Every structure is written in C-alpha cells, then in structure tokens.
Amino acid sequence: MTPVISPFSLFFASIFTGNILLANFLGMCSFISISKDLRSSNGLGFAVTVVLTVTTGVNWAVLQLLTALGLVYLRYIVFIIVIAAVVQMLEMIIDRVSQSLYMSLGIFLPLITVNCAILGVSLFMEIRDYSFWQSVVFGFGSGLGWWLSIMALSAIRKKLDKAPVPAGLKGPGITVITIGFMAMAFIGFSGMLQVQ
Amino acid sequence: METSGAIIQAFIAPLVIGGISAVLGALISITDKIVNNYGDLVIDINSGKRELEIKGGAALLLTLAENGIFIPSACGGRGSCGACKVKVVSDIGPHLPTETPFLAKEEMADNIRLSCQVKVKENFQIEIPDSLFNVKQYEGTIERIVNLTHDIKEVYVKLPEGEEIDFVCGQYGQFEAPPYNKIKTPTQRAYSMSSAPSDKNHLEFLIRLVPGGIVTTYVHERLTEGQKINVVGPFGDFNVKDTGATMIGVAGGSGMAPFKSIFNHMTDTGEIQTREIWYFFGARTKDDLFYLDWLNELDAKYEKFHFVAALSEPQPEDDWEGETGLITEVLARYLAERVDRTQPVEGYLCGSPGMLDACMAVMRQFDMREDKIYFDKFA
C-alpha cells in the first residue's frame, strides 16, 4: 500500500533523516575515493543527483510493467539495465552540452552505473510501494543528500590534510572514522521525521 | 494447467528483458544520432597541405583513416598502445584522462593528443609528419607462405595490380587479421617489411607465432595462399643511416626481417661491397635458424660482409660448429677481438625488448655512442 507521507516531507526526510549515505551506508566506494577532491565531489554529487532522479522515475514505470506481468522477481536485472542505459545517455548529452563538466566528471560518470546508492534507492522505492511522485522526489532527495554528504566529507578531509593524524590512520582510516561521526550527527535529525 | 502457465512464464521473462533492453538500446542510438551530430567540418593538415571535409562526431584516428590518412596505431584505436599521437594545433580543450597515461609533460605542453581518444567536434588544425601522406591501405593477395622455422612464416603479399608502395628498408606495415573465433573486430599488428624496396608491387613479412597473439595465431593457423588481406603502410623511422660507418647488426627470430630487406637492397646498390658490415643472428637451436645459405653466401662473396650465427642451446644432433652462447656474449667477444673499432661504428638492433636492452648494454660497454645505436623494438 502506498504510504501516506507527502512528497514534501519525503523530500526532506530523504536528505536528512534517511540520508542514503549516512543512514543506509550505500554508495560508499565513490564516497570515500572521490571525497579527496572538492571539485570532483561537487561534480559527482551533481551527476548522482541527476541519475538518481531520472532512474528512480524510469524504474517506477518499469516496475509497474513488471508487476502487471507478474515478473517482479526480475527487478534487480531490469533496474541495472535501466541505470546503465540512463548513465550512457547522460554521458553523451553532457559531452555535447558542457565540455568542462564532462571533463571534470571524467571517468566517474560511467562509474555511477555501479554506485550501489542508485540501485538501493530504486529498491527502496519498490519495497516501500511509493507512488510515481513519491519515487521521483525520493530519488531527487536522496541524490541531494548524497551530494550534501560528499561535500561535507570533502570539506572535512581538506581540514584533515593539515591535522596531525597518526600515520596508520592516514587516508581511508581517518576517513571512515569521520564518516562514523557524520552518521552519528545525522542521527540527531531522525527524531524529527521518519522515512517510510 | 499449471505446467502450461510455468512454460508461458519461462518465455515471458526473457521476452520482457529483451524488449526492455531493445527499447533502451534504441533510445541510446537515437540519442547518439541527435547528440553526436556535429555536421560538416573541416580538418586542416599541416597548415593547408591537405584539407579534409568530414562529418564530425567520430574519433580523429577513425575520421582520418576514412579519408585515407593512416596514423600508426598498434591497438586499433582502443587507447591501449599510445602510438597514434598527433599534434592538434587548434584549442580543443584539456587532455582526457584516457590520454594522460601515454603522454609526457613536454608532449602535453606541445598539444600532442592521442588521436583515437579525441573526438572531432569542431574544425581541426593538425600536424602530422609528411611521410604519413605516403601511407595507404592496400588490399593485398597472399601469394606465398613459407615455413622458415617451426614458428616463423614468411608471408609474401602481392599488392593490387598497378599499385606501388614506396618504402625505406627497416620500415614496417600493419597487417590486418579479419575477425575470427572470439575476435570480433579486425585486428592490426605491425611487422617490418623483409622485401626489398625495389619490389614495389609486393610486401613480405616474417611473422613469428606469439602464443595468444591475435594476428600471429591467425597467420599461423588460418591464413592461406590466395586470400585477400589488408595491409597499411609504410610506417616507422628505423633505417640505415647513409654515413658509411661500420654497421653492427644484431637480430633474433623474426628480427631478421628488416635486415633481409637491408642486405638485399645493399646488394642491389652495391653498398654491400664498400661498407663494413657485421651481422649477428642469435637463436636457441639449429631449428630456429633460417636463411643460412643466403647469408653464408653473402659472407663468402663479399669481403666486407661478415655473418655470425650463434646458438645458445645447440643440441647434440645439430652438429653445430659455429659460435655458441648468448648473442650478447658472442657480440662482446667479436667487439673485443674482431671488429675494427678505430673506424666509426653504428649499431642496428631488431628483436625482443630483452635482447635489445642486453645488446645495448654490451655496445655501451664497448664505448659505442648511444645516439649511434638504432633499434626496432617489438612491442
């Protein structure tokens, strides 16, 4: 049954209380590796947001088709195919429209295909029985949440570069600890609104 | 009733997945058609020497090849060999991440690009060596295949009637194997020409079987006489310098190819009688030796031509009376005792990277100047 949460609340819930990165820990690989650099983080955050919004909407439509045919068990495969195709098209369009954005995203754009946050959001959409608008808003909000987190982490890491971190914890070690603190900070929002 | 339902289900699933993939595939190609349509563009080569009117949207390497200008490329445009470097004079934006691993700092500063990675989206101004205008693609016919050893074949290709190729001894051509087995696209690999440049209607290659090699396996297992094959050339700047200096040639295996071309050419021009030449050829056993009769004949006939074959692992049944040991040891021995090093000396090397590096080390040890050692490294 479609949950009653309004798209508006869902939008904020997916950014803050149910942040796809910090509450669900999805999309970690690129989160950790790209957050070294603020500029790339910004570009990737933008790309993830666009891909999430588009794929969640398309996957919602595809899911209705699968449900009607009784083939819901195929959703994993089909979602991934849709994601790959959308990323491919997006890459071509960005290449044409903005050379500088294309350059700054570089190899990260195709890598979004295997970003588990993208598949995760589509699967949450299916589990929670969202309506079309709820799905699109949830996708868009999750994307913004991902963008926000990677920008925050990236900024923190810039400061950490100058911090006296013990040698053994440099790089990924201190990054994972930082993410842990960020996740705890975001838990503070969870009392306000629940994603469901 | 239930079984038939299950059967229908089993058919619907692949159909639905196939249908969705087909729709997405169609969408991608429609997007590609719309987005990648850059209209009619012009590529200006060497400031006005040639102007190509082309359709934009494809890689520079491919666009040039379609217009009969062949940039050397060993991997066929997959961005894995880094050979297809071209200077792009017009500003086409920063280097792509797929280019940077193959370019040195100076090359980047000089606007050198990998032509297989750069897409033609605007009017281009590029610079290429003039010799590349001479490069053409030929649809040759295999006239003869000879087994020289258990793993080296001599492949003699006839060019189309009336077509000629001008090349310098030591240059190479790219030999194209058509798709076969699991190889889905035509694959080109570079091989030195072993024919003399005077034979303008033919090209000859010595092709050694490399285990797992796409083109060499094709040549050794499938290529037949009378078959049509694509050859692109000539490329490369390995050639004999016209200095008259003593020439020390070292080769192994199919590294014989450029030397066959060079010595035949020198026989034609008479240079073989006037220039001091030492030619060292290294092999493992007698089975790996070829062209012995011809080379020994040159050695006997011309006073200044010296041929030294060396076996590193002669077998008892080989009945070998010539030099033994690694080619580097033999080379060192001859440089120390036999070669007149009071005269200017030049080194010419052709073979595997390992052999080349070892021979270079020996030559340096005997005070040969690095800039006087020329080589053709098999990649």
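Quick notes
- Test set (1) within 17 Å of B:MET247 (Cβ to Cβ); (2) part of a helix (DSSP H, G or I); (3) touching a residue at least 60 places away in the same chain (Cβ under 8 Å) - B:ASP287 fails condition number: (1)
- Meets criteria (within 14 Å of another protein chain (Cβ to nearest Cβ) and either under 15 Å from the mean Cα position of the chain (by Cα) or of a type in the set (Phe, Trp, Tyr) (or both)) for A:PHE79: yes
Results for (1) surrounded by fewer than 20 Cβ atoms within 10 Å (Cβ to Cβ); (2) more than 9 Å from chain B (Cβ to nearest Cβ); (3) touching a residue at least 40 places away in the same chain (Cβ under 8 Å); (4) not β-branched (Val, Ile, Thr), shown as yes or no for each residue.
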{"residue": "A:VAL51", "(1), (2), (3), (4)": "no, yes, yes, no"}
{"residue": "A:THR56", "(1), (2), (3), (4)": "no, yes, yes, no"}
{"residue": "A:ASN59", "(1), (2), (3), (4)": "no, yes, yes, yes"}
{"residue": "A:GLN64", "(1), (2), (3), (4)": "yes, yes, no, yes"}
{"residue": "A:LEU69", "(1), (2), (3), (4)": "yes, no, no, yes"}
{"residue": "A:ALA84", "(1), (2), (3), (4)": "yes, no, no, yes"}
{"residue": "A:SER100", "(1), (2), (3), (4)": "yes, no, no, yes"}
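- Enumeration of residues in the range A:12-45 that are of a type in the set (Phe, Trp, Tyr) and surrounded by 17 or more Cβ atoms within 10 Å (Cβ to Cβ): A:PHE12, A:PHE16, A:PHE31
- Taken over the range B:264-283, the criterion of being in a helix (DSSP H, G or I) and buried (at least 18 other Cβ atoms within 10 Å of the Cβ) is satisfied by B:ASN264, B:HIS265, B:MET266, B:GLU271, B:ILE272.
- Count of residues meeting criterion [more than 23 Å from the chain's Cα centre (by Cα), charged (D, E, K, R) and more than 14 Å from every other protein chain (Cβ to nearest Cβ)] in the range B:105-124: 3
- Residue that is surrounded by the fewest Cβ atoms within 10 Å (Cβ to Cβ) [pool: residues in the range B:220-235 that are within 17 Å of the chain's Cα centre (by Cα) and closer than 12 Å to B:PRO160 by Cα]: B:ASN230
- Here A:ILE34 passes the criteria (1) modelled with pLDDT of 85 or more; (2) within 15 Å of the chain's Cα centre (by Cα) except the one numbered (1).
- B:SER47 meets each of the listed conditions (1) surrounded by fewer than 16 Cβ atoms within 10 Å (Cβ to Cβ); (2) part of a helix (DSSP H, G or I); (3) more than 14 Å from every other protein chain (Cβ to nearest Cβ) apart from (2).
- Boolean, B:GLY82 is under 26 Å from B:GLY233 (Cβ atoms), touching a Phe, Trp or Tyr at 6+ places or on another chain (Cβ under 8 Å) and more than 14 Å from chain A (Cβ to nearest Cβ): yes
- Subset of the range B:116-169 [in contact with a Leu (Cβ under 8 Å, 6 or more places away or on another chain), among the polar types (S, T, N, Q) and over 24 Å from B:GLU221 (Cβ atoms)]: B:GLN117, B:ASN123
Quick grid of which residues meet (1) farther than 23 Å from B:VAL362 by Cα; (2) in contact with an Asp or Glu (Cβ under 7 Å, 6 or more places away or on another chain); (3) surrounded by 13 or more Cβ atoms within 10 Å (Cβ to Cβ):
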position	(1), (2), (3)
B:ASP287	yes, no, yes
B:TYR291	yes, no, yes
B:LEU295	yes, no, yes
B:LEU298	yes, no, yes
B:VAL308	no, yes, yes
B:SER312	no, no, yes
B:THR328	no, no, yes
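- Residue match in the range B:309-320 (condition: in the same structural domain as B:MET256 (by TED's automatic domain parsing), within 24 Å of B:GLY244 (Cα to Cα) and not basic (Lys, Arg)): yes
- Any hit, the range B:26-42, residues being surrounded by 10 or more Cβ atoms within 10 Å (Cβ to Cβ), in contact with a strand residue (DSSP E or B) (Cβ under 8 Å, 6 or more places away or on another chain) and either aliphatic (A, V, I, L, M) or more than 10 Å from chain A (Cβ to nearest Cβ) (or both): yes
- Hits in the range B:85-102 - residues which are crowded, with 16+ Cβ neighbours inside 10 Å, away from chain A (no Cβ under 14 Å) and more than 20 Å from the chain's Cα centre (by Cα): B:LYS87, B:VAL88
- Candidates B:GLY255, B:GLY212, filtered to the one that is over 21 Å from B:GLU303 (Cβ atoms), in contact (Cβ under 8 Å) with a residue 60 or more places away in the chain and under 19 Å from the mean Cα position of the chain (by Cα): B:GLY255
- Residue-level analysis places A:ASP95 outside the set of residues that are outside any helix (DSSP H, G or I) and either over 25 Å from A:ILE15 (Cα atoms) or more than 10 Å from chain B (Cβ to nearest Cβ) (or both).
- Restricted to the range A:102-131, and to residues there that are part of a helix (DSSP H, G or I), more than 12 Å from chain B (Cβ to nearest Cβ) and more than 14 Å from the chain's Cα centre (by Cα), the residue that is nearest to A:VAL48 (Cα to Cα) is A:GLU126.
- Hits in the range B:350-378 (condition: among the charged types (D, E, K, R), at negative phi and either in contact with an Asp or Glu (Cβ under 7 Å, 6 or more places away or on another chain) or surrounded by fewer than 19 Cβ atoms within 10 Å (Cβ to Cβ) (or both)): B:ASP357, B:ARG364, B:ARG369, B:GLU370, B:ASP371, B:LYS372, B:LYS377
The values are calculated or read from the model by the stated rules, or taken from the named source; none is laboratory data. Just so you know, these numbers come straight off a predicted model, no measurement behind them. Counting neighbours? That spans all protein chains shown, and the Cβs are built from the backbone with ideal geometry, glycine included.
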